[in-house]
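Presented below is the structure to which this report refers.
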Amino acid sequence: MAEEKLLLLKNIRQQGYGGDYASYKKTGGGAAFKKALTGMTPAEVIETVKESGLRGRGGAGFPCGVKWSFMPKDLPGPDQKPHYLVCNADEAEPGTLKDHVLMLGDPHMFIEGMMIGCYAMRSTHGYIYIRGESPHAIRRVQAAIDELYKAKLLGKNILGSGVQLDLTVHPGAGAYICGEETAMLDSLEGKRGLPRSKPPFPAQSGFNACPTTVNNVETLANIPFILTEGPKAFAAFGSENNTGTQAVSISGHVEKPGVYEMDMGHNLKSILEDFAGGVRGGKKLKALIPGGASAPVMRADEIDVPYDFDSLMKAGTMRGSAAIMVFDEDTDMVEVANRTIRFFNHESCGQCTPCREGTFWIKNMIRQFGDDAGDEALLSLVHRAAGNIIGTTICAFGDAVGGALQGFVQKFPEDFRNHFQS
């Protein structure tokens with residue numbers, strides 16, 4: 001039986017841990033920020049994060065230290081634009097709960113990582129963008145920031161270093177598309193959240209056209225450990241090119257749904273059986289979505305693979321938001337596909353025609369299967385229409401929709417054929 005490897009959830013798993021700054025400080029919290037501020041240059045901080053091999057936990061898996069290094073290296077002068085670090089805490093991907101758990105249970109860990117990131121990228125103001133439907137998380141994070149201001153760890157001349165840093169919590173309005181970093185920046189500016197064409201990338205022109213880096217909650221929560229214990233200690237967890245641990249959300253037809261932490265590269269089948277207790281009621285597994293609704297579905301015979309960015313990509317799917325959704329043998333995958341396309345059609349920002357129109361027509365086609373009015377030609381058309389969205393949109397939303405819908409058709413065609421007209 002596998003056990004959790006606790007770096008991110010270690011404080012949360014402790015009985016009686018309060019999550020306030022006093023509790024966090026007792027566990028050694030705050031030491032990493034102090035070390036960076038008083039004993040390391042910004043360049044040394046970035047190099048340390050690079051050496052750890054930490055990859056972004058928001059979905060794409062881009063190396064965090066490399067991303068930080070894209071920011072301008074000098075302090076902004078009177079005639080230069082300020083630098084910003086923005087934490088993407090929107091977490092709108094269906095089935096994803098890990099960042100929410102981190103914000104509610106131990107907000108100071110990721111905030112400390114954000115403070116270190118701001119110092120490394122010479123940012124004097126950071127923003128935390130939290131989904132509007134998460135009021136408890138908004139209040140929790142704001143309370144943690146208020147504690148830091150009271151302790152004079154935010155504001156002017158922190159620890160007598162001359163460094164200034166302010167953090168602002170910004171509630172979103174509940175749009176899935178604002179999980180995409182450039183749409184989130186537009187929303188942060190008070191505009192309608194629409195993805196931007198790239199280049200320019202946020203490191204050149206992001207929030208208010210200033211150099212900006214965007215990281216998610218889990219990515220930033222890893223930073224304190226990396227600075228206090230060293231990059232080699234972090235890289236000792238996980239596998240090659242997939243270092244560290246990961247927080248994984250598990251939901252659906254399992255005995256023990258929840259958020260668990262294990263090494264990157266832990267076997268997916270083991271995660272289901274050892275952490276989530278297997279499929280509920282002793283039933284057989286039919287399907288598993290490994291990375292939120294936008295990740296292509298896997299059959300039961302495909303899940304004996306390492307759970308990391310590279311291995312899942314080779315398996316034809318993706319780790320995405322690390323949200324594992326489990327479906328037992330009684331599940332009709334047509335209904336899953338129907339709910340998925342309805343969600344994506346509703347959440348499309350409408351900027352790109354293939355996505356806006358494609359999701360609408362695919363929704364109508366899959367509805368016909370729900371009415372037992374499908375046929376082989378319609379099944380083929382669903383697959384082709386989904387493929388026509390891939391690679392034709394400004395952001396990755398279209399690729400996610402197309403890949404997810406093609407996966408249902410390719411992996412479970414018999415479920416659709418069960419809904420052919422008589």
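Values in this text are rule-based calculations from the coordinates and carry no lab data. Model, not experiment: these values are computed from the prediction. Note: ideal-geometry Cβ built from the backbone for every residue, glycine included; neighbour counts use all protein chains shown.
Structure notes:
- Nearest-ten-degree value, helix 333-347 long axis tilted from longest Cα axis of the chain: 50
- Contour excess over end-to-end distance, with Cα ends at residue 6 and residue 74 and 0.36 nm allotted per residue: 20.9 nm
- Antiparallel bridge percentage (DSSP; both residues within the chain; nearest 5): 45
- When only alpha carbons are used to place a centre, the stretch 265-329 and the stretch 170-212 end up 31 Å from one another.
- Axis angle, to the nearest 10 degrees, between helix 353-370 and the longest C-alpha principal axis of the chain: 50 degrees.
- Over 29 Å between alpha carbons, listed pairs 98/284; 10/286; 50/98; 81/198; 81/232: 10/286; 81/232
- Net charge dipole, the stretch 29-119: roughly 180 debye, given to the nearest 20, about the Cα centre with Cβ charges of +1 for Lys and Arg and -1 for Asp and Glu.
- The chain, relative contact order [Cα under 8 Å, separation at least 6], %: 16
- Extending 7 Å from Cα along the Cβ direction at residue 23 and again at residue 301 yields two label points whose distance is 4.8 nm.
- Of the GluC sites (Glu not before Pro) in the stretch 195-253, those whose Cβ has at most 15 other Cβ within 10 Å and which sit in DSSP loop: 240
- With the simple spin-label model, which puts each label point 7 Å out from Cα in the Cβ direction, the residue 150 to residue 236 separation comes to 3.7 nm.
- Residue 164 paired with residue 208, simple spin-label distance in nm, labels 7 Å along Cα-to-beta-carbon: 1.2
- Short-range pairs are left out: with C-alpha atoms under 8 Å and at least six residues apart, the relative contact order of the stretch 239-328 is 34 percent.
- For the stretch 23-43 and the stretch 396-411, distance of Cα centres in Å: 43
- By the beta-carbon count within 10 Å of each Cβ, the least crowded to most crowded order of 116, 111, fewest first, is 116, 111.
- Alpha carbon centroid spacing (whole Å) that separates the stretch 110-130 from the stretch 224-248: 20
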